[in-house]
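Chemist: Handing you this structure, nothing more for now.
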């Protein structure tokens, strides 16, 4: 009788064990678009680890990061690999929920030279800890409608020579064609704030976490925005609304300051019918700015850290994977890996930009962009600075008084 | 000594109660207790429970001194009034018109009235956003035909409030119409007949006979509007996702969401949520005292 049972029991045990082995998988949590990048790496991963499938969890941009906020601190259920957008990275770095990749066995600091300087620095802390590896970068770019500026007799040098020349170009455009230079005066403020940040200077805070909002950079940014509004150079509409997209499509707004990633949005859904009419230019006054980017990190509570590290390296340090994300039409992600940026594909003309090899420009910008550290309180400061600018634009409040009030409110919020 | 029995029916009543109790504990009592616990703690949610330190009443003091919280509370109250008053005036008029004019078709009219209420708030808000677009919106096109505008419906501090109030009003006027219609249908026909015999017709009959009879429903419906108004989120979040110019459309619920999920301040957001709850309950009690008993009688 016992012998009769031995075989089925052994078979059951084997089946259970193999199902347990099969159950081991690598969970990767990302937001839309970045999931496409992960999918591009899957064939290579499956060749290397046919027995370890990747479970891809994709949630909307804000939902993904909100979920991570509670998930990473929980005792169970943390993904093995998480994608984090630069806006949120400061908060997760400060929360201490990410693995320090500078430590054994990762030694990610050895990889520093392989990445775009500003992106790698954003993933690090002052104590040398490395909390993520950059996947793609978004150097600041001035996108403009060449056909509209040509008609108004304005060339690219006029547009980007200096901040004053940008305003002059807007005035000429308005006078000659009745078009708007920018969608909103806030765009001018954002453009200047990012472009004028020096190496080591955060967008809103210094490295010790003190708010910088009363610095000359903010005063100048507010002055420029006020000029744009007073002279009617902006359409007074909110970005990322239907109206905004419609005005970009119809050519009522002639320029947009954004990260290089905006090229993908522009050509896919914002204004695909305007192909050939847009050009990409460096930011005014020969400045460069960090404007978004994606990172991969390993949560401290991840179950498969070794595999996660291998997967992250595949995603970020493998030139083929990085190039694939740049070539994918749905992605057009600019690699954070320097060797991928030096690939001849970067020099190819881009039909949407009238044959301009815009990626060359982005490569130059990415490599020249100063590192601007991310602070966990950046979203708080952004919200209050925007409210301060509204007070200047709509209630004619004195700029320095508005910034002083913003600083007080920021301090009140962050010193709790 | 005989053992005490729980009830003459054994455990059966408790088994019948169990599903409700279980759901109540899981989805009401535990979150309620959790939010009370959180209201006295501070720290980034991303650091986990261990990172949330006990801070006593600090979160409530912060809420009290945060100008944006008070600003959002003011916006919420203003939007509640701006959307609520016209909503009920419209619903009272519509329900009376349906009751007196449509007869048997009033059931269908009620169904039509409910459509905005059951339609997705997001879909409605997106349609409104397109209608209210400054440059391309239909409303501004119509205004232009009579030589008015353009009005910056979604960016001007006052007009964005009007836009949100109009959207809320459009969405809930039908629901209130159905409530009033139900109350009208429950009125004894003899009452209206007697009023007619006594010579009360038209407006006088409505004001002196019908309206007082509708009082319980008016108080109930407007209380529901008050509660809904204090929790206003969807409509303002879609029409003014960043809170609007100078945060003029930022409701308290939207501010709590931002504070908790964008800024990671769960403690502060929860304390404000409790203050919002207290404010709402106070308002309702005051409202009931004012309209439910005293003032109405004096007016009548």
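Chemist: Counting just the residues of the stretch B:242-272 that are more than 8 Å from every other protein chain (Cβ to nearest Cβ) and farther than 28 Å from residue B:58 by Cβ, which one comes out nearest to the chain's Cα centre (by Cα)?
Modeler: Filtering the stretch B:242-272 for residues that are more than 8 Å from every other protein chain (Cβ to nearest Cβ) and farther than 28 Å from residue B:58 by Cβ, the one nearest to the chain's Cα centre (by Cα) comes out as B:249.
Chemist: Let me ask something else about it. Mind telling me which of the residues B:34, B:64, B:51 ends up being within 9 Å of another protein chain (Cβ to nearest Cβ) and either surrounded by fewer than 18 Cβ atoms within 10 Å (Cβ to Cβ) or over 26 Å from residue A:383 (Cβ atoms) (or both)? Let's see the steps before the verdict.
Modeler: Working: B:34 fails: within 9 Å of another protein chain (Cβ to nearest Cβ); B:64 fails: within 9 Å of another protein chain (Cβ to nearest Cβ).
Within the list B:34, B:64, B:51, the selection yields B:51.
Chemist: OK, next. Look at residue B:264 and say whether it is touching a strand residue (DSSP E or B) at 6+ places or on another chain (Cβ under 7 Å), surrounded by 20 or more Cβ atoms within 10 Å (Cβ to Cβ) and at pLDDT below 95.
Modeler: Details: touching a strand residue (DSSP E or B) at 6+ places or on another chain (Cβ under 7 Å): yes; surrounded by 20 or more Cβ atoms within 10 Å (Cβ to Cβ): yes; at pLDDT below 95: yes.
Considered against the rule, which asks whether it is touching a strand residue (DSSP E or B) at 6+ places or on another chain (Cβ under 7 Å), surrounded by 20 or more Cβ atoms within 10 Å (Cβ to Cβ) and at pLDDT below 95, residue B:264 comes out as yes.
Chemist: Can you find, within the stretch A:81-112, the residue that is nearest to the other protein chains (Cβ to nearest Cβ) among those that are without any contact (Cβ under 8 Å) to a residue 24 or more places away in the chain and in contact with a helix residue (DSSP H, G or I) (Cβ under 8 Å, 6 or more places away or on another chain)?
Modeler: Only one residue tops the list, namely A:88.
Chemist: Let me ask something else about it. Which count do you get for residues in the stretch B:149-196 that are in a helix (DSSP H, G or I) and under 27 Å from residue B:96 (Cα atoms)? Before the answer, list the steps.
Modeler: So the first thing to find is which residues in the stretch B:149-196 are in a helix (DSSP H, G or I), and the list is B:157-185, B:189-196.
Still in the list and also under 27 Å from residue B:96 (Cα atoms): B:162-185, B:189-196.
Total satisfying the criteria: 32.
Chemist: Follow-up question, since we're still on this one. Determine if the stretch A:343-350 includes at least one residue that is away from every other protein chain (no Cβ under 14 Å) and more than 23 Å from residue A:135 (Cβ to Cβ).
Modeler: Yes, the stretch A:343-350 contains a residue that is away from every other protein chain (no Cβ under 14 Å) and more than 23 Å from residue A:135 (Cβ to Cβ).
Residue-wise test of (1) on the phi > 0 side of the Ramachandran plot; (2) surrounded by 22 or more Cβ atoms within 10 Å (Cβ to Cβ); (3) in contact with a helix residue (DSSP H, G or I) (Cβ under 6 Å, 6 or more places away or on another chain).
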{"site": "A:265", "(1), (2), (3)": "no, no, no"}
{"site": "A:273", "(1), (2), (3)": "no, no, no"}
{"site": "A:286", "(1), (2), (3)": "yes, no, no"}
{"site": "A:298", "(1), (2), (3)": "no, yes, yes"}
{"site": "A:315", "(1), (2), (3)": "no, yes, yes"}
{"site": "A:331", "(1), (2), (3)": "no, no, yes"}
{"site": "A:336", "(1), (2), (3)": "no, yes, yes"}
{"site": "A:364", "(1), (2), (3)": "no, no, no"}
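Chemist: Since residue A:111 meets every condition but one in (1) out of contact with any strand residue (DSSP E or B) (no Cβ under 8 Å at 6 or more places or on another chain); (2) closer than 14 Å to residue A:132 by Cα; (3) at pLDDT 95 or above, which condition does it not meet?
Modeler: (1)
Chemist: Right, another one. Out of (1) touching a residue at least 40 places away in the same chain (Cβ under 8 Å); (2) closer than 15 Å to residue B:241 by Cα, the odd one out for residue B:158 is which?
Modeler: Condition not satisfied by residue B:158: (2).
Chemist: Look at residue A:78 and say whether it is in a loop (DSSP other than H, G, I, E, B), crowded, with 20+ Cβ neighbours inside 10 Å, within 10 Å of chain B (Cβ to nearest Cβ) and in contact (Cβ under 8 Å) with a residue 12 or more places away in the chain.
Modeler: no
Chemist: Restricting the search to the stretch B:103-139, which residues are within 14 Å of chain A (Cβ to nearest Cβ), free of Cβ contacts under 8 Å to residues at least 24 places away in the same chain and touching a helix residue (DSSP H, G or I) at 6+ places or on another chain (Cβ under 9 Å)?
Modeler: Residues satisfying the conditions are B:130, B:131, B:133, B:134, B:135, B:136, B:137, B:138, B:139.
Chemist: Which members of the stretch B:113-125 meet the condition of being more than 15 Å from residue B:168 (Cβ to Cβ) and surrounded by 12 or more Cβ atoms within 10 Å (Cβ to Cβ)?
Modeler: B:113, B:114
Chemist: Go through the residues of the stretch A:152-170 one by one and say whether even a single one is within 26 Å of the chain's Cα centre (by Cα) and within 14 Å of chain B (Cβ to nearest Cβ).
Modeler: no
Chemist: For the stretch B:184-210, enumerate the residues that are free of Cβ contacts under 8 Å to residues at least 60 places away in the same chain and under 30 Å from residue B:79 (Cβ atoms). Steps first, please.
Modeler: Step one: of the stretch B:184-210, the residues free of Cβ contacts under 8 Å to residues at least 60 places away in the same chain are B:186-205, B:207-209.
Within the stretch B:184-210, just B:207 meets the criteria.
Chemist: For the stretch B:197-241, what are the residues that are away from every other protein chain (no Cβ under 14 Å) and in a loop (DSSP other than H, G, I, E, B)?
Modeler: B:198, B:199, B:200, B:201, B:231, B:232, B:233
Chemist: Restricting to the stretch A:246-265, name every residue that is under 23 Å from residue A:167 (Cα atoms) and within 14 Å of chain B (Cβ to nearest Cβ).
Modeler: Residues satisfying the conditions are A:247, A:248, A:249, A:250, A:251, A:252, A:253.
Chemist: Identify, please: which residue in the stretch A:224-242 is in contact with a strand residue (DSSP E or B) (Cβ under 7 Å, 6 or more places away or on another chain) and in a loop (DSSP other than H, G, I, E, B) and is, among those, farthest from the other protein chains (Cβ to nearest Cβ)? Spell out the reasoning first.
Modeler: Here is the first cut: in the stretch A:224-242, the ones in contact with a strand residue (DSSP E or B) (Cβ under 7 Å, 6 or more places away or on another chain) are A:228, A:233-235.
Among the residues that remain, those that are also in a loop (DSSP other than H, G, I, E, B) are: A:233, A:235.
On the way: A:233: 16, A:235: 7 Å.
Ranking the candidates gives A:233 first.
Chemist: Report the residue count in the stretch A:95-113 for those that are crowded, with 20+ Cβ neighbours inside 10 Å and within 24 Å of residue A:204 (Cβ to Cβ).
Modeler: So the answer is 3.
Chemist: For the stretch A:356-378, state whether one or more residues are in contact (Cβ under 8 Å) with a residue 24 or more places away in the chain, under 27 Å from residue A:62 (Cβ atoms), assigned to a helix (DSSP H, G or I) and within 14 Å of chain B (Cβ to nearest Cβ).
Modeler: yes
Conditions (1) assigned to a helix (DSSP H, G or I); (2) more than 13 Å from chain B (Cβ to nearest Cβ), marked per residue:
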{"residue": "A:197", "(1), (2)": "no, yes"}
{"residue": "A:209", "(1), (2)": "no, yes"}
{"residue": "A:219", "(1), (2)": "yes, yes"}
{"residue": "A:222", "(1), (2)": "yes, yes"}
{"residue": "A:244", "(1), (2)": "yes, no"}
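Chemist: Only residues that are more than 7 Å from chain B (Cβ to nearest Cβ) and either more than 23 Å from residue A:36 (Cα to Cα) or crowded, with 20+ Cβ neighbours inside 10 Å (or both): list them for the stretch A:60-70, please. Don't jump to the end; show me each part of the working.
Modeler: Initially, the stretch A:60-70 is screened for residues more than 7 Å from chain B (Cβ to nearest Cβ), giving A:60-65, A:67-68.
Within the stretch A:60-70, A:64, A:65, A:68 qualify.
Chemist: Related question: Among the residues of the stretch A:127-145, is there at least one that is more than 18 Å from the chain's Cα centre (by Cα) and farther than 30 Å from residue B:49 by Cα?
Modeler: Yes, there is a match, as at least one residue in the stretch A:127-145 is more than 18 Å from the chain's Cα centre (by Cα) and farther than 30 Å from residue B:49 by Cα.
Chemist: Among the residues of the stretch B:252-293, which ones are free of Cβ contacts under 8 Å to residues at least 12 places away in the same chain and not in a helix (DSSP H, G or I)?
Modeler: Answer for the stretch B:252-293, where residues must be free of Cβ contacts under 8 Å to residues at least 12 places away in the same chain and not in a helix (DSSP H, G or I): just B:263.
Chemist: Report, ordered by the first and then the second residue, all pairs with beta carbons closer than 6 Å, sequence separation of six or more or different chains, a first member in the stretch A:212-231 that is touching a residue at least 40 places away in the same chain (Cβ under 8 Å), and a second member that is not in a helix (DSSP H, G or I).
Modeler: A:228/A:234
Chemist: Report yes if residue B:73 is closer than 27 Å to residue B:159 by Cα and out of contact with any helix residue (DSSP H, G or I) (no Cβ under 6 Å at 6 or more places or on another chain), otherwise no.
Modeler: It is false that residue B:73 is closer than 27 Å to residue B:159 by Cα and out of contact with any helix residue (DSSP H, G or I) (no Cβ under 6 Å at 6 or more places or on another chain).
Chemist: Could you check residue B:76 against (1) within 14 Å of chain A (Cβ to nearest Cβ); (2) crowded, with 19+ Cβ neighbours inside 10 Å and say which number it fails?
Modeler: (1)
Chemist: Does residue A:253 qualify as being surrounded by 23 or more Cβ atoms within 10 Å (Cβ to Cβ) and either closer than 22 Å to residue A:173 by Cβ or assigned by TED's automatic domain parsing to the domain that holds residue A:203 (or both)?
Modeler: Yes.
The values are calculated or read from the model by the stated rules, or taken from the named source; none is laboratory data. Treat the numbers as computed from the prediction; the structure is a model and nothing was measured. For neighbour counting, all protein chains shown are included, and Cβ atoms are generated from backbone atoms with ideal geometry for every residue, glycine included.
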